[in-house]
1. Can you tell me which of Val16, Val112, Val200 moves the most in a GNM of the chain? Springs connect C-alpha atoms under 10 Å apart.
2. Going by average Cβ density within 10 Å per residue, which order do the peptides 186-195, 70-79 take, highest to lowest?
3. Can you tally the net charge around Leu159? Count Lys and Arg as +1, Asp and Glu as -1, for every other residue whose Cβ sits under 11 Å from the Cβ of Leu159.
4. Between 0 and 90 degrees, rounded to the nearest ten: what's the tilt of helix 61-74 against the longest Cα principal axis of the chain?
5. Dipole magnitude of region 80-215 about its Cα centre, charges +1 at Lys/Arg Cβ and -1 at Asp/Glu Cβ only, in debye to the nearest 20?
6. Please check: in the Gaussian network model of the chain (C-alpha springs, under 10 Å), which one of Ala130, Ala111, Ala138 has the largest mean-square fluctuation.
7. Restricting to Cα pairs below 8 Å that are 6+ residues apart, what does the relative contact order work out to for region 1-87? Please round to a whole percent.
8. Taking a probe of 1.4 angstrom, what is the accessible area of Tyr176 in Å², to the nearest 10?
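The values are calculated or read from the model by the stated rules, or taken from the named source; none is laboratory data. What you see is a predicted model, and the numbers here were worked out from it, not measured in a lab. Because the Cβ atoms are built from the backbone with ideal geometry, glycine has one as well, and the counts that use them run over all protein chains shown. Note: accessible area is taken over every heavy atom of the protein model, side chains too, but ligands, DNA and RNA are not part of it. Shrake-Rupley method; radii C 1.70, N 1.55, O 1.52, S 1.80 Å.
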Amino acid sequence: MRTLYVVTHPEATHHVEGVVGGWYDSQLTPAGIRAAVSIAQALRAQIPNSAEVQLFSSDLQRTLRTAKEVAALFGVTPNLDRRLREKSYGEAGGKPQAWLDQRFIPPPPPAVGERMEHDEGIEGSETKAAWAQRIYAATNDILHNPCEHQIIVTHGGCLTFVVASWIKMPIESAGYASFRAPSGSITTLREDDFFHNRQVVSLGDTLHPDSAQAG
């Protein structure tokens, strides 16, 4: 039986400063660091001590710090993968959210048809299609490993595409999907050995102590 634990990093400085995250390399706040410790402890309590564990993480500071707290309890080294980064907002990264809001071209996604290639009007910003494609690719590569317990530390926006990839949703349909969870959460995904059905066991669990939730 394979279990995949998807961690969304806790509170980071861009949350409290009101600036755009994305690829802007913000750090965890003190509250975020405390939450990262609690997340690591919650994972350690769920996974048998004798089990092999693989840990994968976005390479940005806020996810890497979270992954390091997990790594310390499991005695593993995080495998860093820049494909697990949050959506790139291009030149808006690190700027006030109001700056982005004033320049953003609202998407007009139709009820049917293409929903992924909208140009938001921000220099260097990724389309939803490009973002989804790299998350799908990273998740699929992770799942090619036979390890029964795998942990992914990523960003809140990326969770939708990790889950969509997990349930083998066609990427062209992912424009309709939204699996939302708070910062500092754990989503548990499980595949059984007999039917190889893939379950979403829990979505965005923040019941671990001292979880710092942020938008």
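1. It is Val112.
2. On the way: 186-195: 14.6, 70-79: 16.2.
Going by the mean number of other Cβ atoms within 10 Å, highest first, we get 70-79, 186-195.
3. Taking every Cβ under 11 Å from that of Leu159, the sum is 0.
4. 10 degrees
5. Its charge dipole is roughly 100 debye.
6. Among Ala130, Ala111, Ala138, the largest mean-square fluctuation in the Gaussian network model of the chain belongs to Ala111.
7. 31 percent
8. That residue has around 120 Å² of solvent-accessible surface.
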